[in-house]
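The values are calculated or read from the model by the stated rules, or taken from the named source; none is laboratory data. Keep in mind that this is a model prediction, so the values were computed, not measured. Cβ atoms come from the backbone with ideal geometry, glycine included; neighbour counts cover every protein chain shown. To get the accessible areas, we keep the full protein, side chains included, count just its heavy atoms, and leave off ligands, DNA and RNA. Shrake-Rupley method; radii C 1.70, N 1.55, O 1.52, S 1.80 Å.
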Amino acid sequence: MRPPSPRRPGGARSNEERPSHVEETASSFDEIVSPSEGEVAQEPKRRPASLTERRRARTTVDRPMPVADAASLLGGEEATDLGDRLRERTRARRILLARRIALTLVMLALAAGGVWVAFFSPVFAFSSSAVVVSGEDGTLVTADSVRSSIASFEGVPLTRLNTQAVARAVESNVAVRSASVSRRWPTSLRVSVTMRTGMAVEAASGGYWLVDDQGVAFQQVPSAGEYPLATLPEDRATGAADIASVLGALDEATRAQVAAVTSTGTQVNFTLRGGQTVKWGTRGDAPQKARVLATLLANVQASTYDVSSPNHPVTS
């Protein structure tokens, strides 16, 4: 067997000949931390540090220093630069705060302007000339009379206009039973009118007044015509409701024979055009009373018909 050849120049070293990384590091570190010859003469020779201590020392040297310490070590230029940065940051914060305040003020101004335009400016001001009216009869209530009744609201912005107050103004015309009001943007209204309907007449000087089922006399007429003559109690609304209940329960043929009707507030009586008297009583059991009366009128000749107790009618 041939013996191993010697290492050629420039060839690779064997593992034994290579210095370990730890030894190189330790050697370098010894060169850095070892004292000079002059210092050796003055100080006693230190004991070589262990490998662990050398690593800790190197780590300590390589570790970055805090900004404040670095600034103090590096000199005035770096410290001045740090101060400038702090001042720039403070300035940026002030600018941001000023922008936020300005934006808030602009938003408040826009909101205030919007409120003024919507509730106080003439942009939405009510104009009575553009009001649309429906339900009027053209005689007692006309579109012009409705517009005239609500003229006091002229110029009020539609956003602040009280439609209930407008409806009450329209209902001030006695011939109007009720009125409903809705907005027509940007400056108008729509008014729907429900007229009163006469059910009887009341005698008055110079003629008669039509009366509705609420006891309201709303139109003067020269004659009673086909309407029965009504006599109402002090509580006109209750008496009119009683009479309306009776007349509504009668069939058309019987209703046409009623000449006069009286309500005392508790009892209702009426007179037929032929002179007969009908004692109706309260407005309870109105449908049954109407059927009994129609049967009696068709089959029994009498001057008085008492149907106040419909199960036991009495004639005389």
Filter pass, Ala298 being of a type in the set (Gly, Ala, Ser), over 23 Å from Asp212 (Cβ atoms), open to solvent by less than 40 Å² (accessible area, probe 1.4 Å) and out of contact with any helix residue (DSSP H, G or I) (no Cβ under 7 Å at 6 or more places or on another chain): no
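Each row is one residue, and each column tells you yes or no for (1) open to solvent by less than 30 Å² (accessible area, probe 1.4 Å); (2) in contact with a helix residue (DSSP H, G or I) (Cβ under 8 Å, 6 or more places away or on another chain).
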| position | (1), (2) |
| --- | --- |
| Ser180 | no, yes |
| Arg183 | no, yes |
| Ser188 | yes, yes |
| Val191 | yes, yes |
| Met195 | no, no |
| Gly215 | yes, yes |
| Tyr227 | no, no |
| Gly239 | yes, no |
Of residues in region 149-162 being exposed (fewer than 15 other Cβ atoms within 10 Å of the Cβ) and not aliphatic (A, V, I, L, M), the one nearest to Thr194 (Cα to Cα): Asn162
Single residue of region 174-211 satisfying the filter (within 39 Å of the chain's Cα centre (by Cα) and of a type in the set (D, E, K, R)) that is farthest from Val132 (Cα to Cα): Arg196
Output for region 115-143, where each listed residue is over 14 Å from Val156 (Cα atoms) and exposed (fewer than 11 other Cβ atoms within 10 Å of the Cβ): Gly138, Thr139
The lone exception for Val166 - which of (1) among the β-branched types (Val, Ile, Thr); (2) open to solvent by less than 50 Å² (accessible area, probe 1.4 Å); (3) touching a strand residue (DSSP E or B) at 6+ places or on another chain (Cβ under 7 Å); (4) part of a loop (DSSP other than H, G, I, E, B) it fails: (4)
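Please verify whether Gln267 is of a type outside the set (Lys, Arg), under 51 Å from the mean Cα position of the chain (by Cα) and farther than 15 Å from Lys279 by Cβ, treating the condition exactly as stated. Spell out the reasoning first.
Details: of a type outside the set (Lys, Arg): yes; under 51 Å from the mean Cα position of the chain (by Cα): yes; farther than 15 Å from Lys279 by Cβ: no.
No: the conditions fail for Gln267.
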Number of the exception - Val258 against (1) open to solvent by less than 50 Å² (accessible area, probe 1.4 Å); (2) out of contact with any helix residue (DSSP H, G or I) (no Cβ under 9 Å at 6 or more places or on another chain): (2)
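Got at least one residue in region 135-147 being under 30 Å from Thr194 (Cα atoms), in contact with a Lys or Arg (Cβ under 9 Å, 6 or more places away or on another chain) and either at pLDDT below 90 or not small (Gly, Ala, Ser) (or both)?
Going residue by residue through region 135-147, those that are under 30 Å from Thr194 (Cα atoms) are 135-147.
Now narrow it down to the ones that are in contact with a Lys or Arg (Cβ under 9 Å, 6 or more places away or on another chain): 140.
Filter once more, keeping what is either at pLDDT below 90 or not small (Gly, Ala, Ser) (or both): 140.
Checking region 135-147: at least one residue is under 30 Å from Thr194 (Cα atoms), in contact with a Lys or Arg (Cβ under 9 Å, 6 or more places away or on another chain) and either at pLDDT below 90 or not small (Gly, Ala, Ser) (or both).
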First in region 279-290 and closer than 11 Å to Val268 by Cα and among the aromatic types (Phe, Trp, Tyr), second anywhere and open to solvent by less than 70 Å² (accessible area, probe 1.4 Å) and assigned to a helix (DSSP H, G or I), Cβ under 6 Å, 6 or more apart: Trp280/Val246
Output for region 261-287, where each listed residue is open to solvent by 70 Å² or more (accessible area, probe 1.4 Å) and touching an Asp or Glu at 6+ places or on another chain (Cβ under 6 Å): Lys279, Arg283
